[in-house]
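Here is the structure we will look at.
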Amino acid sequence: MTNEDRSRKLRELTREVVGTYHDIGGINRIGEKNLPSQAAVVAILEELLAVVFPGYHGDPLPMNADLEVLVGARLDAIGRSLSAVIERTLRFCHQLDCECEKLWQMVDEVDEEARFKAAAEHVTMLYLGQLPEIRRLLALDVQAAFEGDPAATNTEEVILCYPGVTAISVHRLAHPLQKLGVPLVPRMMSEWAHHRSGADIHPGADIGERFFIDHGTGVVIGETTTIGDEVKVYQGVTLGALSFPRNPDGTLIKGGKRHPTIGNRVTIYANATILGGETLVGEEAVVGGGVWITESVPAGEKILA
């Protein structure tokens, strides 16, 4: 093919692709200034990890550092960045008719332009205020992973190397934003963790203390899942929906309890599937590998086949 032929074909292809931008909607946004930035969300997430795991993530801590000055500077930078991302996200979602009522009720601003900024700043400070509790939960998760895996030699290895700890760490950071009503950003965080760890945890899932995912690859935890304390799951476990109710026109009905409830001190072995919003796995139950469950399991029961 000559250079002239190649240039001609590229021009034709360019016209064809651009034509699809006009003819095929829903998967392109042109001239959109408020579209949330994945890169910005990931940068904030990495800074948050440096706050909850100082010395393990982010820059090393100097031996004689003034921790209040250092952490204060980090929190200030995170707060500014997160507020800007949330404001941009709210503006973007507003164009999609997302009312974000929970956030609007937090601020008194009547002016629409001021409301976006005020809501973003308010929810950012509420979120940052939860970081001490997030650190408490993560310390328990790390200890549960260390105690629950005979291959773990120290907690440093657990923090740095375990994909299950990466997954639950990001979930602990994303879940409060989801509860506060922030759209999109928590999902962007969880999808980053999914890519990094192989575990897909929806930020809406409620997960108790000392949660341990052994390995992590292929774990799926749905939005309305509730998990108690001291639960351990292995790779390939799915906590999902059994069926989806539909509207008369055939579209899915959104919301509702669709995923199971897992009691305290439950162990779920590899590739088990537990489905349904009415499914309850009772305390201290054991679910064997590869088991398919759509009905409740009594407390203390062992389901091995």
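The values are calculated or read from the model by the stated rules, or taken from the named source; none is laboratory data. Keep in mind that what you see is a predicted model, and the values were worked out from it rather than measured. Here the Cβ positions follow ideal geometry from the backbone for every residue, glycine too, while neighbour counts run over all protein chains shown.
Quick look at the values:
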| read-out | value |
| --- | --- |
| Any hit, region 167-176, residues being surrounded by fewer than 20 Cβ atoms within 10 Å (Cβ to Cβ) and hydrophobic (A, V, I, L, M, F, W, C) | no |
| Matching residues in region 198-213 - criterion: being in contact (Cβ under 8 Å) with a residue 60 or more places away in the chain and part of a loop (DSSP other than H, G, I, E, B) | 209, 210, 211 |
| Residue list for region 104-140, restricted to those being in a helix (DSSP H, G or I) and without any contact (Cβ under 8 Å) to a residue 24 or more places away in the chain | 104, 112, 113, 114, 115, 118, 122, 132, 133, 136, 139 |
| Filter result (aliphatic (A, V, I, L, M) and more than 13 Å from residue 38 (Cα to Cα)) within region 164-197 | 165, 167, 168, 170, 173, 174, 177, 180, 182 |
| Checking residue 155 against (1) over 19 Å from residue 126 (Cβ atoms); (2) out of contact with any helix residue (DSSP H, G or I) (no Cβ under 8 Å at 6 or more places or on another chain); (3) of a type outside the set (A, V, I, L, M, F, W, C), the condition it does not meet | (2) |
| Unique residue being surrounded by 12 or more Cβ atoms within 10 Å (Cβ to Cβ), more than 24 Å from residue 173 (Cβ to Cβ) and at pLDDT below 90 when the list is 12, 109, 4, 32 | 109 |
| Unique residue being in contact with a helix residue (DSSP H, G or I) (Cβ under 7 Å, 6 or more places away or on another chain), surrounded by fewer than 20 Cβ atoms within 10 Å (Cβ to Cβ) and basic (Lys, Arg) when the list is 196, 246, 265 | 196 |
| In region 69-100, residue modelled with the lowest pLDDT [restricted to those that are in a helix (DSSP H, G or I) and more than 16 Å from residue 124 (Cα to Cα)] | 95 |
| Residue within region 219-242 that is in contact (Cβ under 8 Å) with a residue 40 or more places away in the chain and at positive phi present | yes |
| Among (1) out of contact with any strand residue (DSSP E or B) (no Cβ under 9 Å at 6 or more places or on another chain); (2) within 24 Å of residue 170 (Cα to Cα); (3) surrounded by fewer than 14 Cβ atoms within 10 Å (Cβ to Cβ) - the single one residue 67 does not satisfy | (1) |
| Region 112-125 - residue that is surrounded by 14 or more Cβ atoms within 10 Å (Cβ to Cβ) and of a type in the set (A, V, I, L, M, F, W, C) and, of those, nearest to residue 92 (Cα to Cα) | 116 |
| Criterion violated by residue 245 - all others in (1) more than 18 Å from residue 229 (Cα to Cα); (2) in contact (Cβ under 8 Å) with a residue 24 or more places away in the chain; (3) not charged (D, E, K, R) satisfied | (2) |
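One line per residue, one yes/no per condition, for (1) modelled with pLDDT under 95; (2) assigned by TED's automatic domain parsing to the domain that holds residue 39; (3) over 26 Å from residue 152 (Cα atoms):
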residue	(1), (2), (3)
227	no, no, no
246	yes, no, yes
255	yes, no, yes
270	no, no, no
300	no, no, yes
